[in-house]
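Reading through the structure tokens given below for one structure.
The values are calculated or read from the model by the stated rules, or taken from the named source; none is laboratory data. Bear in mind that the values here come from a model prediction, so they are computed numbers and not experimental data. As a convention, Cβ positions derive from the backbone with ideal geometry for all residues, glycine included, and neighbour counts pool all protein chains shown.
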Amino acid sequence: MIRFAEKKDAAVIFDLVQSFEGDTPWNEAMVKEVIDSSEVIAVVYEEDNTVAAFACLHLIDKEAELDGIATEKKFRKKGIATQLVQYLLEAAKKSCAEVVFLEVGTDNTAAISLYEKFGFTIVRTRKNYYGKGKNAFVLIKEF
Ligand SMILES: CC(C)(COP(=O)(O)OP(=O)(O)OC[C@H]1O[C@@H](n2cnc3c(N)ncnc32)[C@H](O)[C@@H]1OP(=O)(O)O)[C@@H](O)C(=O)NCCC(=O)NCCS
């Protein structure tokens with residue numbers, strides 16, 4: 001089930017994000033700030049009392065940014081990220097966002113495929129976004 005992230009989830013969420021980002025700019029305190037922020041909708045997918053996935057949406061006037069999406073390895077390919085993205089896109093619409101954007105590593109074919117299923121399109125490349133030689137695509141979806 002999808003529920004709002006709570007401060008008690010911060011350590012698990014941080015581990016989840018760190019496990020794929022490695023030298024992530026996030027830390028546990030930042031995760032708590034994100035969870036608490038009135039400009040962010042942060043959700044987890046919980047199964048058998050375990051946090052299986054996390055995602056959040058930053059609302060910035062008429063724009064929204066999808067961020068931090070990650071599913072724990074053993075829960076992948078079960079449609080969980082799909083449910084979270086669906087939920088957050090609905091939330092963006094309800095908040096009157098006109099465009100949702102996100103950054104994703106140019107080699108992250110799984111995530112790119114997920115976003116393209118929702119109608120996101122690549123609009124530009126940010127060189128060295130994740131460190132030297134690690135480029136990112138910027139994807140947007142307009143409502
Ligand atoms: C990307 C990620 C969040 C997908 O999570 P998930 O819960 O496994 O995703 P879903 O089961 O909902 O899959 C949805 C779609 O994603 C794509 N996808 C997921 N895993 C994939 C893989 N290994 N290879 C190719 N496409 C994949 C497919 O389009 C899939 O749709 P399909 O099942 O109809 O083929 C997960 O692989 C992950 O946590 N990766 C590490 C973190 C990350 O890269 N996050 C994105 C940061 S921008």
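For the stretch 88-106, which residues satisfy the criterion of being surrounded by 13 or more Cβ atoms within 10 Å (Cβ to Cβ) and out of contact with any Leu (no Cβ under 9 Å at 6 or more places or on another chain)? Walk me through how you get there before you give the answer.
Quick first cut of the stretch 88-106, residues surrounded by 13 or more Cβ atoms within 10 Å (Cβ to Cβ) only: 88-89, 91-93, 95, 97, 99-106.
If the condition is that a residue be surrounded by 13 or more Cβ atoms within 10 Å (Cβ to Cβ) and out of contact with any Leu (no Cβ under 9 Å at 6 or more places or on another chain), then Lys93, Val99, Gly105, Thr106 are the ones that fit.
Could you check the stretch 89-143 and list, in sequence order, the residues that are of a type in the set (Ser, Thr, Tyr) and either touching a strand residue (DSSP E or B) at 6+ places or on another chain (Cβ under 9 Å) or closer than 18 Å to Ile60 by Cβ (or both)?
Ser95, Thr106, Tyr115, Thr121, Thr125, Tyr129, Tyr130
Right, Glu46: within 12 Å of the ligand (Cβ to nearest atom), of a type outside the set (A, V, I, L, M, F, W, C) and touching a residue at least 40 places away in the same chain (Cβ under 8 Å) or not?
No, not satisfied.
Do we find a residue being crowded, with 19+ Cβ neighbours inside 10 Å and of a type in the set (S, T, N, Q) anywhere in the stretch 63-74?
Scanning the stretch 63-74, I find at least one residue that is crowded, with 19+ Cβ neighbours inside 10 Å and of a type in the set (S, T, N, Q), so the answer is yes.
Can you spot a residue in the stretch 23-40 that is without any contact (Cβ under 8 Å) to a residue 24 or more places away in the chain and within 12 Å of the ligand (Cβ to nearest atom)?
Yes, there is a match, as at least one residue in the stretch 23-40 is without any contact (Cβ under 8 Å) to a residue 24 or more places away in the chain and within 12 Å of the ligand (Cβ to nearest atom).
From the list Leu89, Leu84, Leu57, Leu66, pick out the single residue that is at pLDDT 95 or above, touching a Cys at 6+ places or on another chain (Cβ under 8 Å) and either within 20 Å of Ser113 (Cα to Cα) or within 11 Å of the ligand (Cβ to nearest atom) (or both).
Every option except Leu66 fails the conditions.
Among (1) surrounded by 15 or more Cβ atoms within 10 Å (Cβ to Cβ); (2) near the ligand (Cβ under 10 Å from one of its atoms), which single condition is Lys78 missing?
The failed condition is (1).
Based on what the data block shows, is Phe120 more than 22 Å from Lys8 (Cα to Cα), among the aromatic types (Phe, Trp, Tyr), within 16 Å of the ligand (Cβ to nearest atom) and buried (at least 19 other Cβ atoms within 10 Å of the Cβ)?
yes
Out of the stretch 1-57, which residues are surrounded by 18 or more Cβ atoms within 10 Å (Cβ to Cβ), of a type outside the set (A, V, I, L, M) and in a strand (DSSP E or B)?
If the condition is that a residue be surrounded by 18 or more Cβ atoms within 10 Å (Cβ to Cβ), of a type outside the set (A, V, I, L, M) and in a strand (DSSP E or B), then Tyr45, Phe54, Cys56 are the ones that fit.
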